[in-house]
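Down below is the structure, laid out as structure tokens.
The values are calculated or read from the model by the stated rules, or taken from the named source; none is laboratory data. For clarity, every value in this text was computed on a predicted model and none was experimentally measured. Here the Cβ is made from the backbone with ideal geometry for all residues, glycine too, and neighbour counts use every protein chain on show. Please note that ligands, DNA and RNA were not included when accessible areas were found on the heavy atoms of the full protein model with its side chains. Shrake-Rupley method; radii C 1.70, N 1.55, O 1.52, S 1.80 Å.
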Amino acid sequence: MGENSLRKRKGEDKGREDGRSIQSDEPQATNLQKQAKPPPSLPNVSFYFQVGLISGICMIVGTIIGSGIFVSPKSVLGNIGAVGPCLIIWAACGILATLGALCFAELGTMITKSGGEYPYLMEAFGPIPAFLFSWTSLLVTKPSSFAIICLSFAEYASAPFYPGCDPPQVVIKCLAAAAIVVITIVNSLSVKLGSYLQNFLTAAKMIIVTIIIVSGIVLLAQGKTENFKDSFKDSTISVSSISLAFYNGLWAYDGWNQLNYITEELKNPYRNLPLSIIIGIPLVTVCYVLINISYFTVMTSTELLQSQAVAVTFGDRVLYPASWIVPLFVAFSTIGSANGTCFTAGRLVYVAGREGHMLKVLSYISIKRLTPAPAIIFYGAIAIIYIIPGDINTLINYFSFAVWIFYGLTVLALIVMRFTRKELKRPIRIPIIIPVIVILVSILLVLAPIITAPELAYLYCVLFILSGLIVYVLFVHFKFNWPQKISKPITMHLQMLLEVVPAEEVIE
């Protein structure tokens, strides 16, 4: 991520085919850039930073591997019922995540804008689907996910101080809020520091991943294979069980698209975006499968299902008396995932503000730090609000299926633009069968929980998404500007405190 210069877009696209490009079609606007050349208006900026291949891989790996694989892989086993199908599901989820990420790689190298799904939906379907995506993501899915990850961190970080009992909820919530504040400050002050922190925490979590995998391989070499006998026995194979197993497995892989949120700040995105995906996601897939094999080497299916924290149970049985390593590194893992989420999601807020779909102040840029500080602070503030309720895990589960609605729409945008935007250069062009598969799977993942366990909560989720239409009509289409007027005092204070200015005022 970069301490990067901010440049006027001039519609320059060397690869354009007929004089038009995604850059030249839009009005001149300022964005977070990756070139290491300071603009004259920022003479005090002494260094610039670029997101390269290693940082890109760390962003993907560090964001995907959070608390899920260490705490609750039993959700997949609980739906599928046996060891063999469980391992197949974990591998298949990795393959699906890779296919989805390849679709996003074509989109990201064709439309080199930050903001993830937002600019792709905007170009393919217009402002309404893009607004509904930003509306749902900014107010529900991303900040609540950020909050849950920080709550998981708080539980593991506070556990050693309360041996034999659960830590008080007030301690967990305060520690989670503190984690959100620290991560928000780090990413607001310096994108270079945020990137370095992500690299360090990714390296830390890979240590515990390596410890678990190597321990499992050693035990297998010693002949501890009894839990793998009749590995398909008692499996519950059905469309609904497989769908729900995929649903839970893919939740652990969530984050495979995070690099598309910072495309504007990638060094050589045509090369590093696809390479980071091709290296990062298969690496995560191999780690997930091997970690599950290690779990099953030590625990039977029944014992794994009864465990509250699978990695901790594994550590108690294998690493004792050094089992304290597990909660320590799980805390590193969760805080790394939270940092990666904040690192990228702040750009979605910034892009939405730049397009006029959020308050204008959210598109402001810090003059000294060259970060979208107001957007990141907004994101952190919403996440803290989600910590206040007693338990939002259920809320996350109900709203997570909405993510796959937009994943499916985004991949559909790839197919649509194959016909509607033929003039765009496509440095990566994947076979059409790949987006078709991803779309079909996304439809299945959206419908599966509704069909197998219909609840009003899913209806509430859909109604919330559609309520964004009312907001769009009033404040975007008819341009009611009273929110901008109300936020004007806040904007003035932010300009003084954070030294931020509208992006369009910072020119090369």
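Before we move on, is Leu193 among the aliphatic types (A, V, I, L, M), open to solvent by 70 Å² or more (accessible area, probe 1.4 Å) and under 26 Å from the mean Cα position of the chain (by Cα)? It would help to see each step written out before you state the result.
Values: among the aliphatic types (A, V, I, L, M): yes; open to solvent by 70 Å² or more (accessible area, probe 1.4 Å): yes; under 26 Å from the mean Cα position of the chain (by Cα): yes.
When the stated conditions are applied, Leu193 passes them.
For region 256-267, state whether one or more residues are open to solvent by 60 Å² or more (accessible area, probe 1.4 Å), within 19 Å of Gly94 (Cβ to Cβ) and either part of a loop (DSSP other than H, G, I, E, B) or in contact with a helix residue (DSSP H, G or I) (Cβ under 7 Å, 6 or more places away or on another chain) (or both).
Of all residues in region 256-267, those open to solvent by 60 Å² or more (accessible area, probe 1.4 Å) come to 267.
Add one more test, that the residue is within 19 Å of Gly94 (Cβ to Cβ), and what stays is none.
No, because not a single residue in region 256-267 is open to solvent by 60 Å² or more (accessible area, probe 1.4 Å), within 19 Å of Gly94 (Cβ to Cβ) and either part of a loop (DSSP other than H, G, I, E, B) or in contact with a helix residue (DSSP H, G or I) (Cβ under 7 Å, 6 or more places away or on another chain) (or both).
Pick out the one residue from Ala204, Ala245 that is within 20 Å of Ile335 (Cα to Cα) and of a type in the set (A, V, I, L, M).
Working: Ala245 fails: within 20 Å of Ile335 (Cα to Cα).
Every option except Ala204 fails the conditions.
Let me spell it out: the conditions are (1) within 30 Å of Val191 (Cα to Cα); (2) open to solvent by less than 10 Å² (accessible area, probe 1.4 Å), and Tyr295 meets all of them except one. Which number is the exception?
(1)
Here's a check for you: in region 317-360, which residue that is within 23 Å of the chain's Cα centre (by Cα) and of a type in the set (D, E, K, R) is surrounded by the most Cβ atoms within 10 Å (Cβ to Cβ)?
Across region 317-360, the extreme among qualifying residues is Arg347.
If I ask for residues that are surrounded by fewer than 22 Cβ atoms within 10 Å (Cβ to Cβ) and in contact (Cβ under 8 Å) with a residue 12 or more places away in the chain, which ones from region 407-421 would you list? Write out each step before concluding.
Our first condition is that a residue be surrounded by fewer than 22 Cβ atoms within 10 Å (Cβ to Cβ); within region 407-421, this holds for 408-409, 412, 415-421.
Gly408, Leu409, Leu412, Ile415, Val416, Met417, Arg418, Thr420, Arg421 - these are the residues of region 407-421 that are surrounded by fewer than 22 Cβ atoms within 10 Å (Cβ to Cβ) and in contact (Cβ under 8 Å) with a residue 12 or more places away in the chain.
Within the set of pairs 6+ apart or on separate chains, which have a first residue in region 101-130 that is closer than 13 Å to Val438 by Cβ, a second that is assigned to a loop (DSSP other than H, G, I, E, B), and C-beta atoms under 6 Å apart?
Once the first residue is closer than 13 Å to Val438 by Cβ and sits in region 101-130, its partners that are assigned to a loop (DSSP other than H, G, I, E, B) give Ala101/Trp256; Leu102/Ile430; Phe104/Asn257; Ala105/Ile428; Glu106/Ile428; Glu106/Ile430.
Please find, within region 214-232, the residue that is least open to solvent (accessible area, probe 1.4 Å) out of those that are closer than 17 Å to Cys86 by Cβ and either in a helix (DSSP H, G or I) or aromatic (Phe, Trp, Tyr) (or both).
As a first pass, look at region 214-232 and keep what is closer than 17 Å to Cys86 by Cβ: 216, 220, 225-232.
Those left that are additionally either in a helix (DSSP H, G or I) or aromatic (Phe, Trp, Tyr) (or both): 216, 220, 226-228, 232.
Details: Gly216: 1, Leu220: 55, Glu226: 91, Asn227: 34, Phe228: 54, Phe232: 118 Å².
Among those residues, the one meeting the criterion is Gly216.
State all residues of region 442-471 that are in a helix (DSSP H, G or I), open to solvent by less than 50 Å² (accessible area, probe 1.4 Å) and either of a type in the set (Gly, Ala, Ser) or at pLDDT 90 or above (or both); if no residue qualifies, say none. Can you show your working first?
As a first pass, look at region 442-471 and keep what is in a helix (DSSP H, G or I): 442-452, 456-471.
Next, from what is left, pick out any that are open to solvent by less than 50 Å² (accessible area, probe 1.4 Å): 442, 445-446, 448-449, 457-458, 461, 465, 467-468, 471.
Once the filter is applied, which keeps residues that are in a helix (DSSP H, G or I), open to solvent by less than 50 Å² (accessible area, probe 1.4 Å) and either of a type in the set (Gly, Ala, Ser) or at pLDDT 90 or above (or both), region 442-471 yields Ser442, Ala448, Ala457, Ser467, Gly468.
Within region 66-105, how many residues are β-branched (Val, Ile, Thr), under 24 Å from Pro327 (Cα atoms) and modelled with pLDDT of 85 or more?
Taking region 66-105 first, the residues β-branched (Val, Ile, Thr) are 69, 71, 76, 80, 83, 88-89, 95, 98.
Going one step further and asking which of them are under 24 Å from Pro327 (Cα atoms), we end up with 69, 71, 76.
Next, from what is left, pick out any that are modelled with pLDDT of 85 or more: 76.
Residues in region 66-105 being β-branched (Val, Ile, Thr), under 24 Å from Pro327 (Cα atoms) and modelled with pLDDT of 85 or more: 1 in total.
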